[in-house]
Amino acid sequence: MGHNKPRRSKSHISHRGQFSRTNQLDREDESLPSDQVPEENTTSSPAVQLAMWDFGQCDAKKCTGRKLARFNLLKELRVNSGFGGIALSPVGSQCVSKDDYSLIKRRGLAVVDCSWARLSDVPFVKLRCPAPRLLPWLVAANPVNYGRPCELSCVEALSAALIICGEEESAELLLGKFKWGHAFLSLNRSLLLESKRNTQQIH
């Protein structure tokens, strides 16, 4: 995927700092809805193992990653814990692609949960993962950053990577826990399909 470069726009932020964090900004007037109440026994689960490094910078009640954890849809990792699968991180040198699916299937997919307002406080390079990856240019649909390019929440980042790798059902399971989840697919359907086609053509 080294040749599949993300799209750019005038409001586009740095390519290397966009994809693996939550969108929670330190704003008092914006928040994510509580949505559904966590279930004790989730009847469905993703087809791959999902994980998250949590830097504790966000309100736990508003964080999409923590909400997924409450639904037992992902595992929370300690900051000093390593991860053997694919990790969505700005230190990646290439975008996630269909070629990553075998590793994701075996070892899982991880995301970094932190505040967009405090990126400089996050030691991304210290997170131990052999396969960091970026995401292509996508538009956020979460209530805090709706319509903004690349400022995705944890659930949006994970779902995008799953769709690119062919795990649409797992992505829909995650997004289905949020009232606005379907909007992410609507906003990015053509972009995600293009990313899938590009990875298939390159390889």
Worksheet item: Quick one: if you stick a label point 7 Å off each Cα along the C-beta vector at E172 and S44, how many nm between them?
Response: 0.7
Item to complete: For the pairs K98/K179; K67/K179; K105/K196, note any where the Cα-Cα span goes beyond 21 Å.
Response: K98/K179
Worksheet, complete the sentence: Judged on accessible area alone, 1.4 Å probe, highest first, C150, C129 line up as C129, C150
Response to the item:
Phi angles of the stretch 130-146, converted by Karplus (6.51 cos²θ - 1.76 cosθ + 1.60, θ = phi - 60°) into ³J(HN,Hα) in whole Hz with x for Gly and Pro, give x, 9, x, 9, 9, 10, x, 5, 9, 10, 6, 10, 5, x, 6, 10, 3
Item to complete: Return the long-range amide H neighbours of L50 (sequence gap of 5 or more, or a different chain), with a cut-off of under 5 Å between placed amide H atoms.
Response: K75, L109
Worksheet, complete the sentence: Counting only protein heavy atoms and leaving out ligands, DNA and RNA, the solvent-accessible surface of E167 at a 1.4 Å probe, in Å² to the nearest 10, equals 20
Worksheet entry | Convex hull (Cα only) mean projected area of the stretch 137-191, reported in nm² to one decimal | 3.2
Discussion item. Solvent-accessible area of K75, probe 1.4 Å, all protein chains present, reported in Å² to the nearest ten, please.
Written reply: 120
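The values are calculated or read from the model by the stated rules, or taken from the named source; none is laboratory data. Predicted model only: the values in this text are computed from it and were never measured. With ideal geometry, Cβ positions are generated from the backbone for all residues, glycine too; neighbour counts draw on all protein chains shown. These accessible areas exclude ligands, DNA and RNA; they are computed on the full protein's heavy atoms, side chains included. Shrake-Rupley method; radii C 1.70, N 1.55, O 1.52, S 1.80 Å.
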